[in-house]
Amino acid sequence: MSAVHKAVITIDQGTTSTRAIVFDSVFAPVFTAQEEYPQHYPRPGWVEHDPEDIWQTTVSTLKQAMAYCRENAIEIAGIGLVNQRETTLVWDRETGKTLYPAIVWQDRRTAHQCHKLKHKEEWLHQRTGLRCDPYFSATKICWILDNVPHARERAEAGELAFGTIDSFLIWRLTGGKQHLTDTTNASRTNLFNINDMNWDNDLLALFDVPASLLPEVKNCADDFGKLDTTEFGESIPICGVAGDQQAALIGQGCYKMGEAKTTFGTGCFALVNSGSEPAFSEQNLLTTVAYTLNGKTCYAMEGSIFVAGAAIQWLRDSLGILPCAADSEKLARQVEEDHQVVVVPAFTGLGAPYWEPLARGAIFGLTRGSTAAHVVRATLESVSYQTQDLLNAMRCDGIDTTTMNVDGGMVQNSWFCQFLANTLDITVNRPKVMETTALGAAYLAGLHAGLKDNIEDFAALNPQDSTFEPEVDDILKKKRQHRWQAAVKATLIMAEAEANLECD
């Protein structure tokens, strides 16, 4: 009798697409189904998704992955779920219908509400590890309750449920039986106390969010219910859940204090494992839950950049100067090294270490000789410069590293990886499996399903594929740093002017 082959399926629900990936018993990806869906921009600074687009792409890709397993006699041991973080939905507990479109993590509509709470920021930071910024879920929830007719009364009556994308999908995947989240996603709401690992009544009062809306918080490898057989035909357990950046930390094998990764997806997120106690930054970085297993929590320090790969999409879809994302490498190589064009891609504000939600994108240094290639290269460079800002902040907090593990769609561009190594002046490592967010969720599901005994058992499963060593011209590097810092300063001055106009 032939051996039964086991696998796990990861649902990877991202900002621009949904994927379902089958990982075999040694956690190699063997099948991927992917479907893109649109973002909506109803007003400047607003970013929304249609929740039904998210749901339909999840159902479609998951069914394709399940069909692959059936056709190849593969037993599905469990399902992992990884999601874009902070994106906020509120839905009717009876019908499962959402009251309003999903307000995306990039959305800036609550900037002025956050500004009014700035006097509470240090108190907030010590409880949540976060900043008072529209990025996080709390002010998004409040906005929905205050702007959708009768929403607040219905919430107070216990008729509504809040969730980040993981909670929304778990609810739907289980046929409305489970209202759950995990600690990593809970830690991104500004409502969760990362010291005692519970929803915090004082935070709920600050943001005026009823406790009845909130999901139950579980470990990352845990029982999150089973697929609804009416929709999917099989009762498969959902047993691994994490926010995308924490999942990438897990997928990169960063299980020891001081180990770090940076993901270059829609945004850019650098996380370093800070151990079993939360470490609070003095440089405007975030403290977040890295993962919780068997009731024990590991923390991370994080730097968040809102726009990375999204800027490449902007060049392709909005400006039309980039035929496809893969062409960015070829165009970047056409431009001279000291070209003087600087892009600040602050389309949805500036994240760490600046935290200025009113900042907007800008291009500096244009001349009559500037071409599309100059703008493309400067946009790629801007992601490296923003990463350098994060690394400098971490160093000021006493965290130094001589290597950086990278992943995400942008690191397929070898020119970008080399420029990153040059800018940071450290070794950049690119792993064999670059989609580490999905891999991290697969590890969590596999752990709960018994395919491995300990999280450390996964450390060797995703070796490095390429290494980029810095090739530094110190004079040119200093010029680039000076131009970038000047461009950011000018962008912040414009944001301050915009704030003053709003107050007039």
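Odds and ends about this structure:
- For region 163-173, 3J(HN,Hα) computed residue by residue from phi via the Karplus equation (6.51, -1.76, 1.60; θ = phi - 60°) reads x, 6, 4, 4, 5, 4, 6, 4, 4, 6, 4 Hz, glycine and proline entered as x.
- For the chain, relative contact order (Cα pairs under 8 Å, six or more residues apart, normalised by length) works out to 14 percent.
- Interatomic Cα distance distribution for the chain, bins of 10 angstrom, percent: 4, 20, 31, 27, 14, 3, 0, 0
- Set of region 102-131 residues, backbone N closer than 18 Å to the point 7 Å along the Cα-Cβ line of residue 195: 120-131
- Trypsin sites (Lys or Arg not before Pro) within region 360-444, DSSP loop, no more than 13 other Cβ atoms inside 10 Å: 368, 432
- At R0 = 56 Å, FRET efficiency that the Cβ-Cβ distance of residue 157 and residue 466 yields, to 0.05: 0.50
- Mean Cα-pair separation over length for region 6-218, i.e. relative contact order, pairs under 8 Å, 6 or more apart, %: 18
- For residue 290, nonlocal amide neighbours, meaning residues 5 or more places apart or on other chains whose placed amide H falls under 5 Å from its own, are 298, 299, 300.
- What separates the Cα centres of region 1-56 and region 272-306 is a distance of 25 Å.
- Once you divide the Cα radius of gyration of region 1-75 by 2.2 N^0.38 Å, the number left is 1.38.
Read-outs throughout are calculated quantities, based only on the coordinates presented, and are distinct from any laboratory measurement. Given the structure is predicted, the values throughout are model-derived calculations rather than measurements. Positions of Cβ are backbone-derived with ideal geometry, glycine not excepted, and every protein chain shown enters the neighbour counts.
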